[in-house]
Every structure is written in C-alpha cells, then in structure tokens.
1. With everything on Cα atoms, drop me the angle between helix 42-71 and the longest principal axis of the chain, reported from 0 to 90° to the nearest 10.
2. Which whole-number value in Å² is the accessible area per residue of the chain, probe 1.4 Å?
3. Give me the number: length gained by fully extending ILE45 to SER28, i.e. 0.36 nm times residue separation minus the C-alpha to C-alpha distance, one decimal in nm.
4. The chain: Rg/Rh from Cα coordinates, Kirkwood Rh?
5. Relative to the longest principal axis of the C-alpha atoms of the chain, give the angle of the C-alpha long axis of helix 75-94, reported between 0 and 90° and rounded to the nearest 10°.
6. Ignoring ligands, DNA and RNA, what percent of the accessible area of the chain is carbon or sulfur (1.4 Å)?
Amino acid sequence: AQALVPSYALLVAANFAMGFCTGGLSISANATLARTAPKGQQGAIYGMSNSLGSVGAALGPMVGAAAATAMGMRAPFGLSAILFALVVVWVAVMLRPPSATEQRNPA
C-alpha cells in the first residue's frame, strides 16, 4: 500500500497500519514457535528467532536505502510486498495441517 499512496498523510496512515499488523504478527509468530518447538529447545528457538529478527531490522534499512537510491523511492515498498508474499506462501506450506495418512502413520 505504501508504494501507491499519493500523499505523506496516507503514507503515515499506511505505516501505522503496517506497524499495528506487525505487532500482532509477532505475537502470533511467538505462539506458533511455542506450539511447534520441540520440548527443551524453546529457548534456543526463541533466541534464534529474535537474533534473525534483529539481523533483519539492521539489514532492512540498508537494503531499502540501496533499492531507493537505485530504483526510486517506491521500490523498497514494492520489494517488501514481494518478500512478505513469499514469506506467506512459505509459512503456509510449512505449517500445513498433517494429512489423514500422516496422522494414522506417524514417522
């Protein structure tokens, strides 16, 4: 949405909406980690998740600035949208419910 806004006021509103949704997403991600992490490894997995989130928070502005410089100010928003869509697909595939066969015959 941010790539398409015509004014700074709408950009601020879109950033607010994104921040609001991201806050809810982090809670959902932590709940999913708690549900799917093997017993005894939750701390290591939470640590890895937070470390990777910090790396993303550090690299994101640098990559976004490089994209904006090379391709224009709207480019980081479009690239972010593509990355978010890829993550949605990846998570949907990784968290699919087990099939009836897998439930009857656990490996």
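The values are calculated or read from the model by the stated rules, or taken from the named source; none is laboratory data. Small disclaimer: the values here were computed from a predicted structure and weren't measured. Only protein heavy atoms, including side chains, enter the accessible area calculation; ligands, DNA and RNA are left aside. Shrake-Rupley method; radii C 1.70, N 1.55, O 1.52, S 1.80 Å.
1. 30 degrees
2. 78 Å²
3. 4.6 nm
4. Checking Rg against Rh, the ratio lands at 1.08.
5. For 75-94 against the chain, the angle is about 10 degrees.
6. Of all accessible area on the chain, carbon and sulfur atoms account for 74 percent.
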